[in-house]
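Q: Can you keep this structure in mind? I'll have questions shortly.
The values are calculated or read from the model by the stated rules, or taken from the named source; none is laboratory data. Here the structure is a predicted model, which is why all the values come from computation and not from measurement. FYI the Cβ positions are ideal-geometry reconstructions off the backbone, even for glycines, and counts take in every protein chain you see.
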Amino acid sequence: MSLMVLVFLAPLSMLAETVTCESEDGRLKECTMDTRGTVQMVKQLSQTKCVQGVNWGINRNSIWVNDGCRAVFQSSGTGYSQSEYLPVKVTCESEKNRSRECAMNTRGGVRIVRQLSQTKCVEGVNWKVNRNAVWVDDGCRAEFESIGGYSGSGSGSGGGYRPSGSLPARVTCESEERRMKECAMNTRGSVRMVKQLSSARCVEGVNWGLNRNSIWVKDGCRAVFELVGGSGSSSSGGPPSSAVRACNAVQDRNGEVVNYMPLKSDAWEIILRYRDGEYVCNVERDGRVTYFEKLRR
């Protein structure tokens, strides 16, 4: 009798990827990597401490290191670590003021629902959203919730949420005194530099690059950047009227559609203008509103 041995191989998209990335002579360096899953530093190799958001971070299809950071990074790939398999609500704590990253479904945005630390948690200062994770620093401890998983229709604390559709498609971003600066921008699509304004040459991946809903510049780069071929309001023929009606029904009034963007094949993000301001509404094709809140400008 012959024995049959079955070997099951995981698809490539489910395998972790490991990359060593080094900032040589303190310069910024970008390393190609599959960042569609959760990315974490698994081993620091430099004497310089590597801190996410300070001297290393995640870009689209790459990671970057700076100021002497050298480390081994690992991506979980795009299998079971995709956003839909991650929690929509987490408590994340910066212990002893150290930086920490917590895996989370961040599609559609993240907000603080409850601050637990005496230190005030301020988005962009001691907490922010990364791909499939939130990170906290400098003593921030809070309970975070994915806006995509939010089922309420009241106002609540939005934590500064700005959907891509409400972000500018063209910005001027400047690295003042050669420091790194991040400028909010709709980066869903391809972004190109349309005009360089600085004497320092702006080179993508060296002194400018893309983040989630923003671009960054460094080392004196100053330029005008523009979104090309983004998923904005000029595509997809607009949301169905039933989706707009469902959003308007939340406040029982009729709003003007200012902008819209497909979130996936069966959901929309719609910006509506009422007399008291603009509101963002996330709505499923079946008319179920998953998020509705006034935009904070």
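Q: For region 119-142, what are the residues that are under 18 Å from the mean Cα position of the chain (by Cα) and among the acidic types (Asp, Glu)?
A: Correct list: 123, 137.
Q: Only one of these conditions is not met by residue 266: (1) within 20 Å of residue 186 (Cα to Cα); (2) in contact with a Lys or Arg (Cβ under 8 Å, 6 or more places away or on another chain); (3) modelled with pLDDT under 80; (4) surrounded by fewer than 18 Cβ atoms within 10 Å (Cβ to Cβ). Which number is it?
A: Result: residue 266 fails condition (1) only.
Q: Oh, and also: Of all residues in region 42-58, which are at pLDDT 85 or above and crowded, with 19+ Cβ neighbours inside 10 Å?
A: 50, 55, 56
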